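Accompanying notes for the structure given below.
Laboratory data are not the source of any read-out in this text; all were calculated from the coordinates shown. Small disclaimer: the values here were computed from a predicted structure and weren't measured. Ideal geometry is used to build each Cβ from the backbone, glycine not excepted, and the neighbour counts take in all protein chains shown.
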Amino acid sequence: MSVFDGAFTNAINEELDSSLIPNGNIDLISFEAQLIEKLKQDNKRIESNTEERVNSAKWVRSVIPSWLGITAGILIGNGLNILNLSDTTLGILLGTTTVNVLGLGYILLKGLFPENKEDIK
């Protein structure tokens with residue numbers, strides 16, 4: 001048994017099960033086992049987050065071109081007088097399309113490339 005005190009013990013108390021640290025004494029084998037388990041759980045979480053981010057990226061890469069294609073089709077149809085939409089309707093369509101494309105891209109990039117280390121968790 002080793003005795004740790006001060007800030008290190010406080011940090012350990014916050015991270016680990018307090019039952020492993022009675023009276024400031026640390027059972028190093030239990031400490032290592034719990035630390036290894038915590039690291040395994042962190043790795044699983046990171047793998048899961050990465051998989052979700054890849055799936056989100058694929059979804060956005062299919063939605064944005066589809067949305068733009070539909071919008072282009074509507075604009076072409078209106079230009080060829082197949083559709084007779086007002087200028088206001090076309091303005092709203094273009095405005096919402098722009099916001100959706102930029103918003104989805106921003107959300108995707110923010111998720112894939114977080115600014116802070118805390119955002120990764």
Please find the FRET efficiency linking Glu47 to Ile107, where r is the Cβ-Cβ separation and R0 is fixed at 25 Å, and quote it to the nearest 0.05. 0.70
For the range 91-101, in order, what is each residue's ³J(HN,Hα) by Karplus, 6.51 cos²θ - 1.76 cosθ + 1.60 with θ = phi - 60°, in whole Hz (x at glycine and Pro)? x, 5, 4, 5, x, 5, 5, 4, 4, 5, 5
Full extension from Lys40 to Ile92: what is 0.36 nm times the residue separation minus their Cα-Cα distance, to one decimal in nm? 13.8 nm
Along Cα→Cβ, 7 Å out, is where each label goes; now give me the distance between the ones at Val63 and Ile29 in nm to one decimal. 5.2
